[in-house]
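Taken together, the values in this text are just the output of simple stated rules run on the coordinates, not laboratory data. These numbers were taken from a predicted model, which means no experiment stands behind them. For neighbour counting, all protein chains shown are included, and Cβ atoms are generated from backbone atoms with ideal geometry for every residue, glycine included.
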Amino acid sequence: MQDFVLSPLEESDRIAVIDLFNYYVGHSDAAYPETRVTYEFFDLMMQMARGYPTVAVRIGEGSLAGFGILRPYNPFPVFAHTAEITFFIRPEDTGKGLGTRMLHHLETECRKKGISVILASVSSRNEGSIRFHEKNGFSECGRFRNVGKKRGNFFDMVWMEKQI
């Protein structure tokens, strides 16, 4: 494995983040949109994550291999200790431990902010992500059956949680 650096997402990551996200939009059920998003979608992602940890993993000469964001699960203050996670890794860099390292980094940052519960919403058709989350201490806590439909295929939304 090449050396890597973990750092917060920056404006300069806009194109790489959206290109990576759009790869998953077009090639999997991991990202929910059916069509590619514009680069302005980065602004929405960063707005949703405002005040919460983000992470970029860079390898080699600084190229983005993956990213992760946390955002509020619910805006009411009684849920302030709970965050929802989203992250994506370039397909050629999966299975190398980068996701686990990003998750541990985000967990450390969560604890500093008083966050003690992380939730993940995963498509039931994304078995790799479900396995990843289980391997990293998440457990299934809910399932909404056939609530999503992408490219004509229904899927469940699997909710997973981890107490940190």
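Report the trypsin sites (Lys or Arg not before Pro) located in the stretch 4-75 that are in a DSSP loop and have at most 14 other Cβ atoms inside 10 Å of their Cβ, or state none.
Details: sites: 14, 36, 50, 58; in loops: 36, 50.
Taking the stretch 4-75 and a limit of 14 other Cβ atoms within 10 Å, the loop trypsin sites (Lys or Arg not before Pro) found are 36, 50.
Could you tell me the ratio Rg/Rh of the stretch 4-163? Both radii from Cα atoms, Rh via Kirkwood. Please list the in-between numbers first.
Working: Rg = 15.0 Å, Rh = 16.1 Å.
Rounded to two decimals, Rg/Rh equals 0.93.
Roughly what would the spin-label model give for residue 140 and residue 159, points 7 Å off Cα along C-beta, in nm?
1.5
What are the ³J(HN,Hα) couplings of the stretch 6-21, residue after residue, when phi is run through the Karplus curve with 6.51, -1.76, 1.60 and θ = phi - 60°? Round to Hz, x for glycine and proline.
So the J values, rounded to whole Hz, are 9, 8, x, 5, 10, 3, 5, 8, 3, 5, 5, 5, 5, 4, 5, 4.
Note down the nm distance, to one decimal, between modelled labels 7 Å out along Cα→Cβ at residue 113 and at residue 6.
1.5
Calculate for the chain the 222 nm mean residue ellipticity that helices alone would give, adding -39,500 (n - 2.57) per DSSP H run of length 4 or more and normalising by residue count, nearest 500 deg cm²/dmol. Write down the numbers at each step before the final one.
On the way: 4 runs with 46 residues, N = 164.
Value at 222 nm, helices only, nearest 500: -8500 deg cm²/dmol.
If r is the Cβ-Cβ distance from residue 96 to residue 76 and R0 is 45 Å, what FRET efficiency results, to the nearest 0.05? Present the calculation step by step, with values, prior to reporting the outcome.
Working: r = 38 Å, r/R0 = 0.85.
Approximately 0.75, to the nearest 0.05.
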